[in-house]
Amino acid sequence: MSKTTAPVIVTEGLTRRFGELTAVDSLNLTVYPGEVLGFLGHNGAGKTTTVRLLNGVLTPSAGQARVLGLDPATAGAMLRRRTGVLTETPSLDERLTAREQLQIYADLYDVPPQLVRTRVDELLEIFQLAERGDDRVSTYSRGMKQRLALARALLHRPELLFLDEPTSGLDPVSVRQVHTLIREQSRSGNHTVFLCTHNLEEAQRLCHRVAVLERGRIVALGTPAELGRNLWKGVRIEMETAPEAVASACMALQQFSPARDVTQPNERPILRLTLSDREEIPQLVAHLTAAKIPLYRLMPQEPTLEDVYFALHERKEKG
Ligand SMILES: Nc1ncnc2c1ncn2[C@@H]1O[C@H](COP(=O)(O)OP(=O)(O)O)[C@@H](O)[C@H]1O
Ligand SMILES: [Mg+2]
């Protein structure tokens, strides 16, 4: 990632309204070459609308953007030749084979004809579709289709790749494969990736910087480490004990001063609590063991997008 070269994306007050609703609200954002930027937000936060504005599929109601030095509102077609987009629900022609699908796109994107064959083979190989490359897409699993859509978005070697929720609806194995592919893309060459996701863990894992979007506005922006330091300080713990030990476990936790917010979420012998730091976990285990509380399972929970929003709102209320 280099901040000395010209940014790949710059937006100033970028805004899009649909009637009364402001889907994207005065967005100011700069994305640098080679960066994987996470655009993190719940359903309806305005991620897809932003991607469409940045590709000139939609025009802004106010403000402006420059993407690869072009104005998407007026030079959309030219811009889209240089960007790759994996849309939320990529449309693939089910009747075609993966190879045919990629060949058609190669034509569409003016990949030099003498390069098409090698490039298609190469992508089928990388995306683990080589063996099934001559089967119809209708016979593919959801994960295979997503990998094919990703391969298609990369066919013309775009400088800037937009990925709109690339792993939503995929099984864990496919998610891992797609993550590896995205990481490899960002490592090889100077690809810039704009990654929309509602999954905090995905954003933390893959992105250099993360913008947190809520109701069309960026409410936080920073590296995962910076956001982590500022926004999700606590460590939530879930632990399982024996049914007859729940009451004494609760008592033991009350006597352990670092533990906060102890709850029993349901009828099961499971307790949740919050610590301020993971370094307190071994102390917690020692304390419970000393109190003779049977401990069958103790899991630190990954922070979720809810935790981030909660921390942001709490901070706002405190001023
Ligand atoms: N073409 C449209 N017409 C009207 N409202 C829209 C349109 N596209 C998106 N919206 C609304 O804009 C908001 C942001 O949507 P979207 O950008 O798709 O969010 P996300 O991708 O983060 O889920 C939502 O409230 C959505 O219903
Ligand atoms: Mg969306």
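The values are calculated or read from the model by the stated rules, or taken from the named source; none is laboratory data. This structure is a prediction, so every number in the text was calculated from the model and none was measured. Virtual Cβ from ideal backbone geometry, glycine too; neighbours counted across all protein chains shown.
Condition test on R117, is it away from ligand 1 (no atom under 16 Å from the Cβ), closer than 30 Å to L129 by Cα and assigned to a loop (DSSP other than H, G, I, E, B)?
Details: away from ligand 1 (no atom under 16 Å from the Cβ): yes; closer than 30 Å to L129 by Cα: yes; assigned to a loop (DSSP other than H, G, I, E, B): no.
The answer is no for R117.
Search segment 35-51 for residues being surrounded by 17 or more Cβ atoms within 10 Å (Cβ to Cβ) and touching a helix residue (DSSP H, G or I) at 6+ places or on another chain (Cβ under 9 Å), and hand back the single one that is nearest to Q204 (Cα to Cα). Working first, answer last.
Of the residues in segment 35-51, the ones surrounded by 17 or more Cβ atoms within 10 Å (Cβ to Cβ) are 35-41, 45-51.
Subsequent filtering for residues that are touching a helix residue (DSSP H, G or I) at 6+ places or on another chain (Cβ under 9 Å) retains 35-36, 38-41.
Details: E35: 14, V36: 11, G38: 8, F39: 11, L40: 10, G41: 13 Å.
Within segment 35-51, the match that is nearest to Q204 (Cα to Cα) is G38.
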Is there a residue in segment 267-275 that is of a type in the set (S, T, N, Q), at pLDDT 90 or above, under 28 Å from H198 (Cβ atoms) and outside any loop (DSSP other than H, G, I, E, B)? yes
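Got a sec? Which of G19, G38 is out of contact with any strand residue (DSSP E or B) (no Cβ under 8 Å at 6 or more places or on another chain) and either within 15 Å of ligand 1 (Cβ to nearest atom) or of a type in the set (S, T, N, Q) (or both)? Full working, then the answer.
Values: G38 fails: out of contact with any strand residue (DSSP E or B) (no Cβ under 8 Å at 6 or more places or on another chain).
Just one listed residue meets the conditions, G19.
Among residues belonging to segment 208-266 that are basic (K, R) and loosely packed, with under 15 Cβ neighbours inside 10 Å, point out the one that is modelled with the highest pLDDT. Steps first, please.
Initial filter on segment 208-266 (basic (K, R)): 209, 215, 217, 229, 233, 236, 260.
Filter once more, keeping what is loosely packed, with under 15 Cβ neighbours inside 10 Å: 229, 233, 260.
On the way: R229: 72, K233: 70, R260: 92.
Selected residue: R260.
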Take E267 and decide whether it is out of contact with any Asp or Glu (no Cβ under 8 Å at 6 or more places or on another chain) and in contact (Cβ under 8 Å) with a residue 40 or more places away in the chain. no
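For (1) in contact (Cβ under 8 Å) with a residue 60 or more places away in the chain; (2) within 16 Å of ligand 2 (Cβ to nearest atom), each residue gets a yes or a no:
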| position | (1), (2) |
| --- | --- |
| S174 | no, no |
| Q185 | no, no |
| T197 | yes, yes |
| E201 | yes, no |
| V210 | yes, no |
| R215 | yes, yes |
| V219 | yes, no |
Of the criteria (1) small (G, A, S); (2) surrounded by fewer than 22 Cβ atoms within 10 Å (Cβ to Cβ); (3) closer than 24 Å to H191 by Cβ, which one S26 fails: (3)
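Out of segment 85-100, which residues are over 17 Å from E165 (Cα atoms), crowded, with 16+ Cβ neighbours inside 10 Å and either among the polar types (S, T, N, Q) or touching a residue at least 40 places away in the same chain (Cβ under 8 Å) (or both)? Outline the logic, then answer.
Keep residues of segment 85-100 that are over 17 Å from E165 (Cα atoms), which gives 93-100.
Those left that are additionally crowded, with 16+ Cβ neighbours inside 10 Å: 97-100.
Correct list: T97, A98.
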Residue check: is E122 acidic (D, E) and without any contact (Cβ under 8 Å) to a residue 24 or more places away in the chain? yes
Would you pick out the residues in segment 125-153 that are within 15 Å of I104 (Cβ to Cβ) and within 24 Å of the chain's Cα centre (by Cα)? L148, A149, A151, R152, A153
